[in-house]
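Enquirer: Structure below; questions to follow.
The values are calculated or read from the model by the stated rules, or taken from the named source; none is laboratory data. These figures come from a predicted structure and were not determined experimentally. Cβ atoms come from the backbone with ideal geometry, glycine included; neighbour counts cover every protein chain shown. Surface accessibility is based on the protein's heavy atoms, side chains included, excluding ligands, DNA and RNA. Shrake-Rupley method; radii C 1.70, N 1.55, O 1.52, S 1.80 Å.
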Amino acid sequence: MKSPLLSLPGAVPAEGVDEGVAAHYGDLFREQRALADGAGFVDLSHRGVVTVSGEDRLSWLHLLLTQHVSELPAGEATEALILSAHGHIEHALYLVDDGATVWAHVEPGSQESLIAYLESMKFFYRVEVADRTADFAVVHLPAGSIAPVPEGVVVRETAYGRDLFLPRADLESYAETAGPAAGILAYEALRVEQHRPRLGFETDHRTIPHELGWIGTAVHLQKGCYRGQETVARVQNLGKPPRRLVFLHLDGSEVHLPAPGTEIRLADDGPDGRKLGFVTTSVRHHELGPIALALVKRNVPVDARLVAGDTAAAQEAVVEP
């Protein structure tokens, strides 16, 4: 779904999964600095919007999600995962309940498969699941923003800012009042700085929550059964995940960033060394320079000197070995 805000001055369209919104509006670092200072907004209108209404909505979702939501207070934001039977991550939901309806935004294009799964699990529960992507657009206001929120708009407030479920018809008029627009690249740079994983970027077909540090934030360890819980409990109680998320400071003298999927090796082993992991997201940050998130084998020493392709990389542990 193409955003009308691509008509704003300087807008350069994003590519790949974020197609449909602006990558930037002409000045990537200025946009990052504005967001870091609590100014401006990010158009996330390409993300899917799913609602669950009905009196059983919270108790029903509690059975399906990794998060404890049966008593979720109205207005309190949370995030949750849906796992496969083997504990691999299939969906990530960013939730808030408004007292009558649970609102969630999800990765672009993933709402159809999510809704298909939810519909298959309704049974006798009094719930209604709906795809509201065509009617509502997600807009992100950074932490510290004083931009106005229109009356009646559902808001999901977190430590990183506020996500607004804005009527799509109001997107252009709201953009005129919310301050300077920032593109998805600025948003992603701050996400990487904050070590926050993203479905489809930091995940592959075999990722489990422990590898990304989603235990606690998206996975509640003291709740009842859900699909994939056996894997979560086994890793938590008996072992360690096979991989771990790391934050990389990349060599700033390189012109090109290592692309997602770039292999990571020990610097001392040279280009023929054993593959230890791969880059998941790489960005240019307005203060830190080139940085990245990556998944590496759990037993890689935290003080090891690494290379991502041909680029030297110093790691910071996000998930401890």
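Enquirer: If you scan region 98-146, which residues turn out to be over 19 Å from the mean Cα position of the chain (by Cα), at negative phi, among the hydrophobic types (A, V, I, L, M, F, W, C) and not in a helix (DSSP H, G or I)?
Expert: Answer for region 98-146, where residues must be over 19 Å from the mean Cα position of the chain (by Cα), at negative phi, among the hydrophobic types (A, V, I, L, M, F, W, C) and not in a helix (DSSP H, G or I): Ala100, Met121, Phe124, Val127, Val129, Ala130, Ala134, Ile146.
Enquirer: Another question, then. Only one of His46, His86, His62 is closer than 18 Å to Val106 by Cα, over 19 Å from the mean Cα position of the chain (by Cα) and not in a strand (DSSP E or B). Can you tell me which?
Expert: His62
Enquirer: Residues of region 281-305 being in a loop (DSSP other than H, G, I, E, B) and either touching a Ser or Thr at 6+ places or on another chain (Cβ under 7 Å) or open to solvent by less than 10 Å² (accessible area, probe 1.4 Å) (or both), which ones?
Expert: Val300, the sole residue that qualifies.
Enquirer: Let me ask you something else. Determine, yes or no, whether Glu76 is open to solvent by 60 Å² or more (accessible area, probe 1.4 Å), under 27 Å from Tyr187 (Cβ atoms) and touching a strand residue (DSSP E or B) at 6+ places or on another chain (Cβ under 8 Å).
Expert: yes
Enquirer: Do we have Asp163 as in a strand (DSSP E or B) and closer than 30 Å to Ala137 by Cα here?
Expert: When the stated conditions are applied, Asp163 passes them.
Enquirer: Give me the pairs: first residue in region 105-116 and under 11 Å from His46 (Cα atoms) and open to solvent by 30 Å² or more (accessible area, probe 1.4 Å), second residue not β-branched (Val, Ile, Thr) and not in a loop (DSSP other than H, G, I, E, B), beta-carbon distance under 6 Å, and six or more apart or on different chains, which are they?
Expert: As it stands, the answer is none, since no pair meets every condition given.
Enquirer: Filter region 254-280 down to the residues that are among the β-branched types (Val, Ile, Thr) and within 15 Å of Glu188 (Cα to Cα), then identify the one that is surrounded by the fewest Cβ atoms within 10 Å (Cβ to Cβ).
Expert: Val279
Enquirer: When you scan region 20-39, do you find a residue that is open to solvent by less than 50 Å² (accessible area, probe 1.4 Å), part of a loop (DSSP other than H, G, I, E, B), out of contact with any Gly (no Cβ under 9 Å at 6 or more places or on another chain) and within 20 Å of Val139 (Cα to Cα), even just one?
Expert: Checking region 20-39: at least one residue is open to solvent by less than 50 Å² (accessible area, probe 1.4 Å), part of a loop (DSSP other than H, G, I, E, B), out of contact with any Gly (no Cβ under 9 Å at 6 or more places or on another chain) and within 20 Å of Val139 (Cα to Cα).
Enquirer: Across region 49-59, what is the total count of residues that are open to solvent by 30 Å² or more (accessible area, probe 1.4 Å) and either touching a helix residue (DSSP H, G or I) at 6+ places or on another chain (Cβ under 8 Å) or in a strand (DSSP E or B) (or both)?
Expert: The total comes to 1.
Enquirer: Can you pull out the residues in region 211-222 that are farther than 21 Å from Gln111 by Cβ and open to solvent by less than 20 Å² (accessible area, probe 1.4 Å)?
Expert: Glu211, Leu212, Val219
Enquirer: Looking at Asp163, Asp135, Asp131, can you tell me which residue is under 25 Å from Glu31 (Cβ atoms) and among the charged types (D, E, K, R)?
Expert: Every option except Asp163 fails the conditions.
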